[in-house]
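Heads up, the thing below is written out as C-alpha cells.
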Amino acid sequence: MGASGAGQEPCSRGQQLLPLGMQKVPGEWPYLPGINDEAVSGLLEMVHGRYSVYLYGPSGVGKTHLLQWVALGQERWVPYVDCEQTDPADLESSGMDVVPLLCLDNIGAWAGLRRAEDILFRLFNARQRSGFPWLLAGHDMPREMPWILPDWASRLAGCIAYGLRSPNDEERLAILKHIAQRHGQPLPEELERYLLHHCSRNLADLAVLVERFQRWLWQHHASPSIPRWQRFLQEL
C-alpha cells in the first residue's frame, strides 16, 4: 500500500494510507470547533517543538481525526499508523526512527505484547536521541494500560497527555454542520436534530454516514431531508 501525496516515501506493509482530500494546515479546524481547545493548542506547539504528546479518551471523541489532521498539515511527509491494523515489526523495517514526526493511533492494541513493547521502546529511544517527537493516541491513560515492559511504560508516561472529552448536544450540532458542509450540502435544522437524537453518539461513525449520505444525495439529485435519510439507511 502506498503513501498518499507526490514525492512521499513508500509505505511498508500494514502502514496506513493517509486519506486523500483532507489536506489542511494547522489552524484550520474542520470538525471540532471549540472542542478540546487545550489539546489542539498543545498539538500546534508540539509540531514546532521536540516533546511528544499522548491523547486519550473513548471512541468517537476525535483522537484519530486529530492525528490525521496533524499528519496532513505538515509540509513534509508524516506517517500515520493505526496499531490495530499494523504489525509492530513494520515500524523497524520502514525507517520510522528518522521521520521528523510520527503518529501512532490505537497504541493500546500493542499493550501486553512484549515484542511490540520492545520495538516501541527502541524506537522511542532512537527518536529521542534525534530530537524527533511523536504523537500517540489510545483509549486509556498511560498508567492504566497493561504494559509489561516497565521501561517502555515510563517513556510513554513521560509524554504530555491530554484527555479528550465528548461534546455536548449543541457542540455535536456544530460538528454536524461542519461535516455536512465539508462533504456536500448543508443539512436542514430538523434533519440535524433528528441525527442528534436517533443516530450514533460516536462522531467518527456519524461522520462516515453523513459523508455517504451526501454522495447518495448527489447520485439521486436530491436535497437532504429526514425521509431521504431514512431511505438512504434502508438502502445501505
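The values are calculated or read from the model by the stated rules, or taken from the named source; none is laboratory data. Note that the structure is predicted; figures quoted are calculated from it, not measured. Neighbour counts run over all protein chains shown; Cβ positions are idealised from the backbone, glycine included.
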- Item | Counted residues, region 176-226 - those being touching a Phe, Trp or Tyr at 6+ places or on another chain (Cβ under 9 Å) and of a type in the set (S, T, N, Q) | 1
- Message: Checking the condition more than 20 Å from the chain's Cα centre (by Cα) and assigned to a helix (DSSP H, G or I), which residue from Arg182, Arg172, Arg193 passes?
- Response: Arg193
- Message: Tell me whether region 79-99 contains one or more residues that are at pLDDT 75 or above, touching a Lys or Arg at 6+ places or on another chain (Cβ under 8 Å), part of a helix (DSSP H, G or I) and charged (D, E, K, R).
- Response: yes
- Message: Quick check on my filter: what residues within region 176-192 are buried (at least 17 other Cβ atoms within 10 Å of the Cβ) and either assigned by TED's automatic domain parsing to the domain that holds Leu43 or at pLDDT 80 or above (or both)?
- Response: Leu176, Ala180, Leu187, Leu191, Glu192
- Message: Could you check region 118-156 and list, in sequence order, the residues that are without any contact (Cβ under 8 Å) to a residue 60 or more places away in the chain and outside any helix (DSSP H, G or I)?
- Response: Met145, Pro146, Trp147, Ile148, Leu149
- Of residues in region 41-61 being over 21 Å from Gly131 (Cα atoms) and surrounded by 20 or more Cβ atoms within 10 Å (Cβ to Cβ), the one modelled with the lowest pLDDT: Val61
- Answer yes or no as to whether Glu92 is of a type outside the set (Ser, Thr, Tyr), out of contact with any strand residue (DSSP E or B) (no Cβ under 6 Å at 6 or more places or on another chain) and within 25 Å of Leu206 (Cα to Cα). no
- Task: Determine whether Ala71 is small (Gly, Ala, Ser), crowded, with 18+ Cβ neighbours inside 10 Å and touching a Cys at 6+ places or on another chain (Cβ under 8 Å).
- Result: yes
- Message: Between Asp151, Asp205, Asp169, which is closer than 30 Å to Arg114 by Cβ and either outside the structural domain of Leu44 (by TED's automatic domain parsing) or surrounded by fewer than 19 Cβ atoms within 10 Å (Cβ to Cβ) (or both)?
- Response: Asp151
